[in-house]
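Remarks on the structure that follows.
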Amino acid sequence: MAQYWLEIASAADLDQLGVVMTGTLSYTTDGGIPVAVFNKTTAYGEYVRLLSVPSSSTIEVRCLLRQTAGGLGSSRVGPAVRISGDSAYVYGKNTSTTYKLGKRADGVSAELGANVTGQPAGNTWSWLETRIEGTTLTARSWEIGGSRPESATRTVTDTSISNGFAGFGGVFNDASDANLRIIAVGTDGDPAPTGPVGERQRSRLILTPW
């Protein structure tokens, strides 16, 4: 069991992230907040891995991000689990308030389960979380300053991908830009941490109470 935490503070932090397949990664500030910018192209299955996390079957990924471009239903970008080549499970958002779980497996992208409506607007800062354990996928999303939902926003089952890495990205083929502030990962039964691993104090720029 292990936990991992990355809070972007400078361009040097991009060394801890790696692009899977295509797309580009860069550093900027968003309203004064340091962020990693992922520019997803029109290819299927593009992700960014947190390089310190080994391949695992049980993964929980939580991201604080803001989608800055891409408004179509297939432009969703969000936390990704079991990344393997262009395959992965992702809980992504539009620049509306509708989110959905999706997958890319065996060269095919597909939506999983029903739309999740009434979620934080896609172009605002929000927390997104995806967890995979066995064949069960769960997803949550909530606004900064709000509370993590006790129950999963969406739960589905799928057997397509058995193992892989942790990160964020998108499974569909529309271009989208997303700014990442924080990525937290728990593997092999551990939850994603709510602050820097090994430190009890809350991070200076985390705005969601726990």
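Numbers for the structure displayed
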{"quantity": "Residue list for the stretch 31-58, filter: open to solvent by less than 40 Å² (accessible area, probe 1.4 Å) and either in a strand (DSSP E or B) or among the hydroxyl-bearing types (S, T, Y) (or both)", "calculated": "P34, V35, A36, V37, F38, K40, E46, Y47, V48, L50, S56, T58"}
{"quantity": "So A69, is it hydrophobic (A, V, I, L, M, F, W, C) and open to solvent by 20 Å² or more (accessible area, probe 1.4 Å)", "calculated": "yes"}
{"quantity": "Residue check for I132: in contact (Cβ under 8 Å) with a residue 60 or more places away in the chain, in contact with a Gly (Cβ under 7 Å, 6 or more places away or on another chain), open to solvent by less than 40 Å² (accessible area, probe 1.4 Å) and β-branched (V, I, T)", "calculated": "no"}
{"quantity": "Where a residue in the stretch 137-162 is without any contact (Cβ under 8 Å) to a residue 60 or more places away in the chain and more than 16 Å from G92 (Cβ to Cβ) and its partner, wherever it lies, is of a type in the set (F, W, Y) and surrounded by fewer than 19 Cβ atoms within 10 Å (Cβ to Cβ), with Cβ under 8 Å and at least six apart", "calculated": "P149/W142"}
{"quantity": "Among (1) part of a strand (DSSP E or B); (2) more than 18 Å from E143 (Cα to Cα); (3) open to solvent by less than 30 Å² (accessible area, probe 1.4 Å) - the single one D13 does not satisfy", "calculated": "(1)"}
{"quantity": "Meets criteria (modelled with pLDDT under 95 and part of a strand (DSSP E or B)) for N173", "calculated": "no"}
{"quantity": "Conditions (1) assigned to a strand (DSSP E or B); (2) open to solvent by 20 Å² or more (accessible area, probe 1.4 Å); (3) within 20 Å of I161 (Cα to Cα): number failed by A80", "calculated": "(2)"}
{"quantity": "Unique residue being at pLDDT below 95 and under 15 Å from the mean Cα position of the chain (by Cα) when the list is V61, V53, V116, V77", "calculated": "V77"}
{"quantity": "Residue within the stretch 114-127 that is open to solvent by less than 40 Å² (accessible area, probe 1.4 Å), under 22 Å from I182 (Cα atoms) and in a strand (DSSP E or B) present", "calculated": "yes"}
{"quantity": "Residue satisfying all of: in the stretch 1-10; modelled with pLDDT of 95 or more and in a loop (DSSP other than H, G, I, E, B); nearest to D190 (Cα to Cα) among these", "calculated": "I8"}
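Results for (1) within 20 Å of W5 (Cβ to Cβ); (2) open to solvent by 30 Å² or more (accessible area, probe 1.4 Å), shown as yes or no for each residue.
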site	(1), (2)
Y91	yes, no
L101	no, no
S109	no, no
T155	no, yes
A166	yes, no
N173	no, yes
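The values are calculated or read from the model by the stated rules, or taken from the named source; none is laboratory data. Every value quoted in this text rests on a predicted model; they were computed, and no experiment measured them. With ideal geometry, Cβ positions are generated from the backbone for all residues, glycine too; neighbour counts draw on all protein chains shown. Just the protein is used for accessible areas: all its heavy atoms, side chains included, with ligands, DNA and RNA removed. Shrake-Rupley method; radii C 1.70, N 1.55, O 1.52, S 1.80 Å.
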